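Okay, structure first, notes after.
Each value in this text was obtained by applying a stated rule to the coordinates, not by laboratory testing. What you are looking at is a predicted structure, and each value in this text was computed from that prediction instead of being measured. Cβ placement follows ideal geometry from the backbone for every residue including glycine, while neighbour counts extend to all protein chains displayed.
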């Protein structure tokens, strides 16, 4: 009757020793992994970090290193399944790390950029939306959501959010406008009404940028291009000519802005000599 008690006692004594052995093994893997990472041997480092976590799952801070190792091996726009797996590994690791360290802004940036690179836009926007909710009144978080919406091609939502925010950032509206032009030029909607709506949204964004930052060469150049896009969805020849005249007006303004900029640069150079 006493033998089971003795065995149980021995098990209680041995269990902490085993746990200690696992932690020691985990540290050995982590030490080796850090050296490999420093030598840019990311694939080998990744395996060592993962093996170390199997030995010591309590070392949740190491998930950051797993994510960074996988991220170093990941190549955006490469559709190879193995490359996609690296993105998944990095994303999973960053998420696990953030469970324990939610305030690490840099790792949240890594997570969002990896999600965007892997075209998991909705998940990236969800993370940024959470950041914005957790930092009410701090515009930079809401602006990050708008930029992600723009990068994801959700231009109507991006414009709506920018207007609701009362954003006074010319670059933000310029980016929305340029993305609208690119979509209209390279991937126009099949439906003419949708195409027109896209063009008008881009024009609205660029005009807002021009109002905040007048006489910017790039903004004026894209307004010229956007009016030329509008010609494509107009069947009335008189309106087509009107739109081309508008386009020419913005082109002339753009050339004048460039000339003025060049004169300012020349004058500044002369003053410095």
* If R0 is 45 Å, what FRET efficiency do you get for residue 121 and residue 270 from their C-beta distance, rounded to 0.05? -> 0.40
* **Relative contact order, percent, the stretch 135-208 [alpha-carbon distance under 8 Å, six or more residues apart]** => 30 percent
* For the chain, what is the calculated [θ] at 222 nm in deg cm²/dmol (nearest 500), taking -39500 (n - 2.57) for each run of four or more DSSP H residues and dividing by its residue count? -> -28000 deg cm²/dmol
* Run through every distinct alpha carbon pair of the stretch 98-178 and return the Kirkwood hydrodynamic radius in angstroms, one decimal place. => 13.0 Å
* Asked: Which order do peptides 65-76, 209-220 fall in by mean Cβ count within 10 Å, highest first?
  -> 65-76, 209-220
* Cβ-derived FRET efficiency at R0 41 Å, residue 80 paired with residue 238, nearest 0.05 -> 0.20
* What are the semi-axes of the equivalent ellipsoid for the stretch 7-155, taken as the square roots of 5 times the Cα gyration tensor eigenvalues, largest first, in whole Å? -> 35, 20, 12
* Alpha-carbon spread of the stretch 143-219, three principal axes, descending order, Å -> 33, 27, 17
* Asked: Against the longest principal axis of the chain, how steep is helix 121-134, in degrees 0 to 90 to the nearest 10, with axes from Cα atoms?
  -> 80 degrees
* Which semi-axes, in whole Å and largest first, does the equivalent ellipsoid of the stretch 168-266 have when worked out from the alpha carbon gyration tensor as the square roots of 5 times its eigenvalues? -> 25, 16, 10
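Please give the peptides 131-141, 49-59, 250-260 ranked by average Cβ packing (other Cβ atoms within 10 Å per residue), highest first, as a rough proxy for protection.
Values: 131-141: 12.5, 49-59: 17.7, 250-260: 15.7.
My ranking of the peptides, most packed first, is 49-59, 250-260, 131-141.
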* Can you tell me the 0 to 90 degree angle between the C-alpha axis of helix 155-165 and the longest principal axis of the chain, rounded to 10? => 90 degrees
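What number, in percent, do you get for the relative contact order of the chain if the mean sequence gap of Cα pairs under 8 Å and at least 6 apart is divided by its residue count?
Relative contact order for the chain comes out at 9 percent.
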* Asked: Hey, rough spin-label estimate for residue 24 and residue 106, points 7 angstrom out along Cα→Cβ, what's it come to in nanometres?
  -> 3.3 nm
* **Tail beyond 14 Å, pair distance distribution of the stretch 28-101 (Cα, percent)** => 56 percent
* Asked: For helix 237-272, what angle does its Cα long axis make with the longest principal axis of the chain, in degrees from 0 to 90 and rounded to 10?
  -> 70 degrees
* Asked: Mind checking the log10 I(q)/I(0) for the chain at q = 0.07, 0.16 Å⁻¹? Debye, one equal scatterer per Cα, no solvent, two decimals.
  -> -0.45, -1.14
